[in-house]
Structure formats: structure tokens, C-alpha cells
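Working notes, structure below.
The values are calculated or read from the model by the stated rules, or taken from the named source; none is laboratory data. These figures come from a predicted structure and were not determined experimentally. Cβ sites come from the backbone with ideal geometry, for glycine too, and all protein chains shown count toward neighbours.
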Amino acid sequence: MKRLCVVDGQGGGIGAAIIRALKSRYGESIEIWALGTNAVATSQMLKAGANRGATGENPMVRATDLVDLILGPVAITWANAMMGEVTPRMAEAISSSHALRILIPLHQENMVLVGSSREPLPHLIETMINEHVKEVLRDV
């Protein structure tokens, strides 16, 4: 069984939307871990159907090396993103993980990603799952 983690912060809305889409398509054939930068984000992702959840820096550092796939907004790889919720250690752990990272180009930082799509979140999640996650989970 493939183990995925969804990382999000602030209100957890992006992560919760990703988890709902994954559960809709793959049901219980995958294991989803919700890793939140704060308790509210983790709670929202658990409500969306994650199998397990943890909050904060140390769980994120440990868990990102125990999964096959990391999903979330691109800002999870940037130190001090999400109003400082993404610590440098979190960003390093996610960026250094052996897991494949599939990231959505959404962020609230003072950053421009040239060439990224300005599609609405539901379209970006659909593309994430149907074009990228599908390739990794083709045996599921």
C-alpha cells in the first residue's frame, strides 16, 4: 500500500481539498497522513479523511522520510512561508525527502512563479491527481 502525506498550514483548506479528491478516487487503497503546520490545519485534513495526522516541526521532519509521495502547495518547501508557519527545518525536510513531491503552485508569499498556471484550486487539484498522482499510483 502506498503511503502519501499531505502537508498544509494556516486553515488546512488546500490539504483538505487534496485529501477529499484522493479519497474519492482511491478510497482505502492508499494511506494518507495529514501533516499540519498547526493543529487547525491537521484537524481539517483529518476531517477530510486522512488516516493519520500530526502537527508541527518534528512530526513533519520524521514523517517526510517515511512516505512515498508528498502533496501540498509549493510554499511548503520555502522556509518561513505561510506567515512563518513553515520553519526552515520543515522546508528542508520536505525538500530533502526521498519521496516524490507533487506541489500546487499556490502561495501567499511575495513570490512569482513564472510559467505556473493561474487555474482555480479545484482545477489544480484535478490536474495533480489525474495527471501526476495517477502515474505514481497506477498499480493501486
Exactly one condition in (1) surrounded by 13 or more Cβ atoms within 10 Å (Cβ to Cβ); (2) part of a loop (DSSP other than H, G, I, E, B) is not met by R101; state its number. (2)
Out of all the residues in the range 117-140, which are part of a loop (DSSP other than H, G, I, E, B) and out of contact with any Phe, Trp or Tyr (no Cβ under 7 Å at 6 or more places or on another chain)? S117, R118, E119, P120, R138, D139
Could you check T87 against (1) within 17 Å of A63 (Cβ to Cβ); (2) surrounded by fewer than 14 Cβ atoms within 10 Å (Cβ to Cβ) and say which number it fails? (2)
Being more than 24 Å from R138 (Cα to Cα) and more than 14 Å from the chain's Cα centre (by Cα) is true for just one of G27, G84. Which residue is that? G84
On the given criteria, is A93 on the phi < 0 side of the Ramachandran plot, in contact with a helix residue (DSSP H, G or I) (Cβ under 7 Å, 6 or more places away or on another chain) and modelled with pLDDT of 95 or more? yes
Hits in the range 11-36 (condition: loosely packed, with under 15 Cβ neighbours inside 10 Å and closer than 20 Å to E135 by Cα): S24, G27, E28, S29
